[in-house]
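Visitor: Below is a structure I'd like to ask you about.
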Amino acid sequence: MNTRVLSILEFNRITQFLADKASSPAGKNKCLKLVPISDPEKIEINQTQTEDALKRIIKNSSVSFYVGESVGDTLQKIKKGQLITAGELLSVAAVLGNASKARSYGLPSQDTQEDSLTALFEGLDPLKDIHKEITDCILSEDEISDDASPELRHIRRQILQNAEKIRSQLNKMVNTTYRTYLQDPVITMRGDRYCIPVKAEHKGSVPGIIHDQSQSASTYFIEPAAVVELNNNTRELRSKEAEEIDRIIRRLSSMCAEHSEELSADIKILTELDFIFAKGFLALDMNAVRPVFNKDGIINIKKGRHPLLDREKAVPIDIRLGEDFDLLVITGPNTGGKTVSLKTIGLLTLMGQAGLHIPALDRSSLSIYDKVYADIGDEQSIEQSLSTFSSHMKNIVAILKNADRNTLCLFDELGAGTDPTEGAALAMAILSHLHEKGVKTVATTHYSELKVYALREPGVENACCEFDVATLSPTYRLLIGIPGKSNAFTISSKLGLKESIINKAKELINKQDEAFEDVIIKLDNSRKKLEEDRLAMEDDKNAIASLRAEYEKKQKKLEDQKNRILEEAKKEAAEILKDAKETADLSIKTFNQSGNIRDMEQARQNIRKKLEKVSIPPDALGNSHVRVKNKRSDFKIGSDVRILSMDLRGTVSSIPDDKGNLFVQCGIMRMTANMDDIEFIEDNHDKKKDRTYTGTAGLSKSSFISAEINLIGLTTDEAVNRLDKYLDDAYLSHLNTVRVVHGKGTGALRNAVWNHLKRLKYVKSYKLGEFGEGDAGVTIVEFK
């Protein structure tokens, strides 16, 4: 890719934006050196890395990939075996620390899937042992930890002990021995020696070494002779300390040298990740997307924005090239957006081929070009004594020489700067030459001749930047398929130019040109009308879709509500039937115990009242089929029927009265029902499924009711409940006697059985079994 087009299209400003997103000097430098490439495979790899970095940033933010600026030099010194400083070792530790954090961030987990960056993260080697050793030993550039080695700890302990002895002796001198000789009762340092400030007139009274004096010569700083030896010891210990620190630094440097290859790889990977994530952050900042690439020369940018313009103010444009036409001629007024449109095509192409996402809508397409050329802006060269036209033409000559089918050419105001007639002819010839060679070309112009050329030439298309005559301002919208019209007369009229002058100007122009402009105006008016209709249809379509969605939502809500009501009704009906059956069973049991017909009738009325309180929908009982309304004439005494509300079967025992009420015999119970609550039963063979005991059912039941019940192993409550139900069934089955097996045991179960038998009125007698009948473990019960 030629460097001149990078400058013309301001690609260097994009790389500067990119460098601002990087965190390390090496990463920034890599960003600034980024250039577009034309290898499809490498472009896809770079785009995938940018996409994966963007996904990670959105999902998990990011992590530092910082590598210090001097770490590379430090690494070279390590490889050569040179001694490095504590600060340089800390910079190595910082790299290893960032490598460790980056590896933890980048490896696949429950929240992160494997992607194109996983291999880079896996390639990081944090060298945790070395990192820990450096950070444990070196606290800062100027401080080594006491724990760096046992020897260093021992030396520093001796230094402290020696210093304590010195201070102890000097404190004694300051406060007692030489108190009157001192300028101030303090201990001070001169170099690395402990001294006391002695008055000049008493310097001979304090034996020792004079190290310094004040500017006024009134004070002498003397090291007393009593602490000279101790100070000498301190100096020796300090020397040993420096030697031990030097040994520690060499040991740490040697450890780093043994793993210099891993360190070098970590630095390289961190720099690469810093560069890739800078691309991700730039894409996030620009709200950019990954373009779809092809090698067919097809460009289809959807709502593309120039990345160097304010995102809030830039007008997105749709740009197509290479599918229906290879040459696009853009016309329109100055400052209308022609040049911006041209630069947007070129700059987004360069960004895409550099592995950067582009500020456009998803699924925008770009072609991969081997060469991109641009002739844009003022090319006047004072040094070469070239005019604007000459400078442009020199550039165009070079472009024509090198352009081929896999080249994108961009021309701004082609043929300008010379006689309009000659310039238009020259521009048309240049475009024809490129078109014949199959070069993808976009050119802006003011020449009407090029509009006509684009209309008649196959594979060439007009486009214009829309201009609002009402506001005398451009809209910056690019309209492909429509040639731009001249607005000179209209604009002049709105600005107040006399109508007579405008009419005179119209008379001077060629009639053919005037007719052509009229056609363009009509086309533009038709386009606006079609655009308005399209927008209106789009609004109607959206409104219909919204109404449909709302209708479907309400329909679903009603359906859910209906299902819920039916479900609740079924549950309620089941509860009512359960309650009614329990009440009926209790009534039968009461009747069996008391034999009082009046009590039985009262219980029946109570059941009827309870059922009349609730209206049970047929669907709740599972009878979803349509039931024919009954007539009085349908009822005959003896007909088999079902009382729907109670789900009981029986036979008609009376004809319905005027209110439709009749008697139905359900086993031993005579029920009152309404004929609307009656369903005729056609299949008499279903009688065996009836829930009440008819006479026949009672006789047949004796065939499967056992004459013995075994209660052994049950609790007293369980035994009494089961016994009660069994005795009812046995009595209704007309059994004379039954055997209740309760075992001997403690006698608790037998006592519970006998206490229950005492309360049953249909029991005639009960006794323990005789020998051979089960003895005391069995009770023989006889019914009335």
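Derivation of every value follows stated rules applied to the coordinates shown; laboratory data play no part. It should be emphasised that the depicted structure is a prediction, and the values quoted were computed from it without experimental measurement. Cβ placement follows ideal geometry from the backbone for every residue including glycine, while neighbour counts extend to all protein chains displayed.
Visitor: Loop only per DSSP, at most 11 neighbouring Cβ atoms within 10 Å: give me the trypsin sites (Lys or Arg not before Pro) in segment 649-679, ordered by residue number.
Guide: Taking segment 649-679 and a limit of 11 other Cβ atoms within 10 Å, the loop trypsin sites (Lys or Arg not before Pro) found are LYS659.
Visitor: Between ARG363 and ASP468, what is the label-point separation in nm under the 7 Å Cα-to-beta-carbon projection?
Guide: 3.1 nm
Visitor: Less than 16 Å apart at the alpha-carbon level, and either on another chain or at least 8 residues along: which aspartates and glutamates does that give for LYS767?
Guide: Hits, sequence-local ones excluded: GLU708, ASP775, GLU782.
Visitor: Tell me, rounded to the nearest percent, the portion of alpha carbon pairs in segment 211-268 spaced more than 17 Å apart.
Guide: Tail fraction, whole percent: 67.
Visitor: On a straight-distance basis, which lysines could pair with LYS570 in a cross-link, Cα separation under 17 angstrom, same-chain partners fewer than 8 positions away excluded?
Guide: LYS562, LYS578, LYS581, LYS613
Visitor: Can you give the FRET efficiency to the nearest 0.05 for SER109 and LYS725, using r as the Cβ-Cβ distance and R₀ = 41 Å?
Guide: 0.05
Visitor: If you don't mind, another one. Once you have a ≥ b ≥ c as the square roots of the Cα gyration tensor eigenvalues for segment 59-125, tell me rounded if a/c is under 1.5, and otherwise prolate or oblate according to whether a/b is larger than b/c.
Guide: Because a/c hits 1.5 or more and a/b exceeds b/c, segment 59-125 counts as prolate.
Visitor: If you don't mind, another one. What trypsin sites (Lys or Arg not before Pro) in segment 275-324 are in a loop by DSSP, with at most 12 other Cβ atoms within 10 Å of the Cβ?
Guide: LYS295, LYS313
Visitor: For segment 241-261, list residues with backbone N below 12 Å from a point placed 7 Å from the Cα of LYS79 toward its Cβ?
Guide: Flagged as within label range: 260-261.
Visitor: Related question: Per 0.36 nm of contour for each residue apart, how much would the distance between LEU530 and ASP212 grow if the chain were fully extended, relative to their Cα-Cα spacing?
Guide: So the chain would gain 104.6 nm between LEU530 and ASP212.
Visitor: Step through the table entries LYS80/LYS268; LYS30/LYS79; LYS268/LYS295; LYS302/LYS440; LYS55/LYS343; LYS302/LYS371, compare each Cα-Cα distance with 27 Å, and write down the pairs that go over it.
Guide: With Cα atoms farther than 27 Å apart: LYS268/LYS295; LYS55/LYS343.
Visitor: Starting from 0.36 nm per residue, how many nanometres of slack lie between ASP676 and GLU151 once their C-alpha separation is accounted for?
Guide: 178.1 nm
Visitor: Then there is this: Any lysines with Cα under 28 Å of the LYS494 Cα? List them, leaving off those in the same chain fewer than 8 positions away.
Guide: Filter leaves LYS313, LYS338, LYS451, LYS485, LYS504, LYS506, LYS511, LYS522, LYS528, LYS529.
Visitor: Also: What size of dipole, in debye to the nearest 20, comes out for segment 103-228 about its Cα centre when the only charges are +1 on Lys and Arg C-beta atoms and -1 on Asp and Glu C-beta atoms?
Guide: I would put it at about 1440 debye.
Visitor: Taking the Cα centre of segment 179-288 as origin and charging only Cβ (+1 Lys, Arg; -1 Asp, Glu), how large is the dipole, in debye to the nearest 20?
Guide: In total the dipole reaches around 660 debye.
Visitor: Cα centroids of segment 126-203 and segment 708-743: how far apart, whole angstrom?
Guide: 103 Å
Visitor: Continuing with this model, one more query. Between ASP657 and ASN751, what is the FRET efficiency for a Förster distance of 45 Å, r being their Cβ-Cβ separation, to the nearest 0.05?
Guide: The calculated FRET efficiency here is 0.25.
Visitor: If you don't mind, another one. Check each of the chymotrypsin sites (Phe, Trp or Tyr not before Pro) in segment 136-207 and keep only those in coil by DSSP with at most 12 other C-beta atoms within 10 angstrom; list them in order.
Guide: Nothing satisfies the criteria.
Visitor: I've got another one for you. What is the distance in Å between the Cα centres of segment 304-318 and segment 254-297?
Guide: 27 Å
Visitor: Tell me, what is a quarter of the convex hull surface for the C-alpha atoms of segment 312-378, in nm² with one decimal?
Guide: 5.9 nm²
Visitor: Evaluate E = 1/(1 + (r/R0)^6) for SER61 and GLU568, where r is the Cβ-Cβ distance and R0 equals 51 Å; express this FRET efficiency to the nearest 0.05.
Guide: 0.55
Visitor: Then there's this: Please say if segment 121-197 is rounded, prolate or oblate, where rounded means a/c under 1.5 for a ≥ b ≥ c the square roots of the C-alpha gyration tensor eigenvalues, and otherwise the choice is prolate for a/b larger than b/c and oblate otherwise?
Guide: Judged from the Cα gyration tensor, segment 121-197 comes out prolate (a/c at least 1.5, a/b above b/c).
Visitor: Rounded, prolate or oblate for segment 1-58? Axes are the square roots of the Cα gyration tensor eigenvalues, ordered a ≥ b ≥ c, and the cut-off for rounded is a/c under 1.5.
Guide: Note, shape of segment 1-58 comes out oblate.
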